[in-house]
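The values are calculated or read from the model by the stated rules, or taken from the named source; none is laboratory data. No experiment lies behind these values; they were computed from the predicted model shown. Cβ placement follows ideal geometry from the backbone for every residue including glycine, while neighbour counts extend to all protein chains displayed.
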Amino acid sequence: MSLPAGFTERLEHLGALDRITQGLAKAVRQVLPSGHPLRDVLHGVPTGHPLHPPLATVSLGCWTATAVLDLIDADPRAARAVLVTGIAGALPAAAAGITDWSVLHREQQRVGFVHAVVNLTALGLYTGSLWLRVTGRQRAGRTFGFLGLAAAGVGGFLGGHLAYRMTAGPSHAEPLTHLVPLGWHDLCRLWDLPDGRPVTRRLGYIQLFVLRHGAHVKVLADRCSHLAGPLHQGRLVLENDEACVVCPWHGSVFRIEDGAVVHGPATSPQPAFEVNVRGDGVVQVRPRQG
Ligand code: FES
């Protein structure tokens, strides 16, 4: 195992962090409870993608530009301008990041906590760098800037580990429909489904959320797009007069008609299936086109 991977895996299992991470995550969820409009915006529900990664890219880009301008001995005002832009961009990035972090699995929260501490250290170093520069101590300001970039690099590495190795952020439902061959597939018999209570049914390799109301059946992928929670165990609610299901793990709300995200933390819709009830009562499904 490579040295960085060994380090991040040790962080994943660092149970000593749990007291602080659990308390902090709970506090964030109390300030921004499930369904709060600001929480949905910070998760990225309106844009359909997590908001934290693109915001963080702004700061990282600006701070990298600061280092380049310092290295080529460019006009100090230019370096200051991009440095300030990076600091300003870090604040909304941190707000979005901590909101996402508050609804992750325990191991993800451990790595995410260290990611946040390292990035806050980078922010502190850049703030110090700015102060040194505006008070005329260019050389020390540049040194603080390089230290800040080193810290931001470590923070970025941990963020990459969270996103790509621990899959905090990508949709957990997107690959599912690729596992279903084209065309209609027999799922079950209509009258074997309970009325008004969601159940799960297997279709090949994947689990489906199935809800019958009388002779009408709605079908979604069962693994929540946020972190793969079992939607068939969720509560049924009405949001804006539309039937929705609340994920039992972190409270994402999906419209049952088409799987659209109503409230985060999920930002990707839940794959929906078209349903055909044959004359002999067999329920058939196929992935919804478009
Ligand atoms: S798994 Fe997190 S909201 Fe569904």
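Is it the case that segment 174-187 has a residue that's among the charged types (D, E, K, R) and within 16 Å of the chain's Cα centre (by Cα)? Before you say what the answer is, go through the steps one by one.
Narrowing segment 174-187 to residues among the charged types (D, E, K, R): 174, 186.
Within this subset, residues satisfying the condition of being within 16 Å of the chain's Cα centre (by Cα) are 174.
Checked segment 174-187: at least one residue is among the charged types (D, E, K, R) and within 16 Å of the chain's Cα centre (by Cα).
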For this session: Evaluate the following for Val45: is it surrounded by 16 or more Cβ atoms within 10 Å (Cβ to Cβ), within 18 Å of the chain's Cα centre (by Cα), under 25 Å from Ala260 (Cβ atoms) and outside the structural domain of Gly264 (by TED's automatic domain parsing)?
Result: yes
Exercise. What single numbered condition from (1) out of contact with any strand residue (DSSP E or B) (no Cβ under 8 Å at 6 or more places or on another chain); (2) over 22 Å from Thr167 (Cα atoms); (3) not polar (S, T, N, Q) fails to hold for Gly35?
Worked result: (1)
For this session: Check Val199, Val261 and return the single one that is surrounded by 15 or more Cβ atoms within 10 Å (Cβ to Cβ) and in contact with a Gly (Cβ under 9 Å, 6 or more places away or on another chain).
Result: Val261
Problem set entry | Looking only at segment 188-209, and only at residues there that are out of contact with any Asp or Glu (no Cβ under 9 Å at 6 or more places or on another chain) and of a type in the set (Phe, Trp, Tyr), the one that is farthest from Pro248 (Cα to Cα) | Trp191
For this session: Scan segment 205-235 residue by residue and report those that are assigned to a loop (DSSP other than H, G, I, E, B), within 12 Å of the ligand (Cβ to nearest atom) and surrounded by fewer than 24 Cβ atoms within 10 Å (Cβ to Cβ).
Result: Leu227, Ala228, Gly229, Gly234
For this session: Would you be able to tell me the number of residues in segment 186-204 that are within 16 Å of the ligand (Cβ to nearest atom) and not in a loop (DSSP other than H, G, I, E, B)?
Result: 1
For this session: Would you mind stating whether Val210 is at pLDDT 95 or above and more than 19 Å from Val275 (Cβ to Cβ)?
Result: no
Problem set entry | Matching entry among Leu60, Leu71, Leu38 (being surrounded by fewer than 16 Cβ atoms within 10 Å (Cβ to Cβ) and closer than 30 Å to Gly136 by Cβ) | Leu71
Exercise. Within 22 Å of Gln22 (Cα to Cα) and assigned by TED's automatic domain parsing to the domain that holds Thr64 - does that describe any residue in segment 133-141?
Worked result: no
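Suppose we filter Val154, Val114 for residues that are in contact (Cβ under 8 Å) with a residue 12 or more places away in the chain, farther than 14 Å from Trp63 by Cβ and of a type in the set (Val, Ile, Thr); which single one remains?
Val114
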Problem set entry | Asp73 being touching a residue at least 12 places away in the same chain (Cβ under 8 Å) and of a type in the set (Asp, Glu) | no
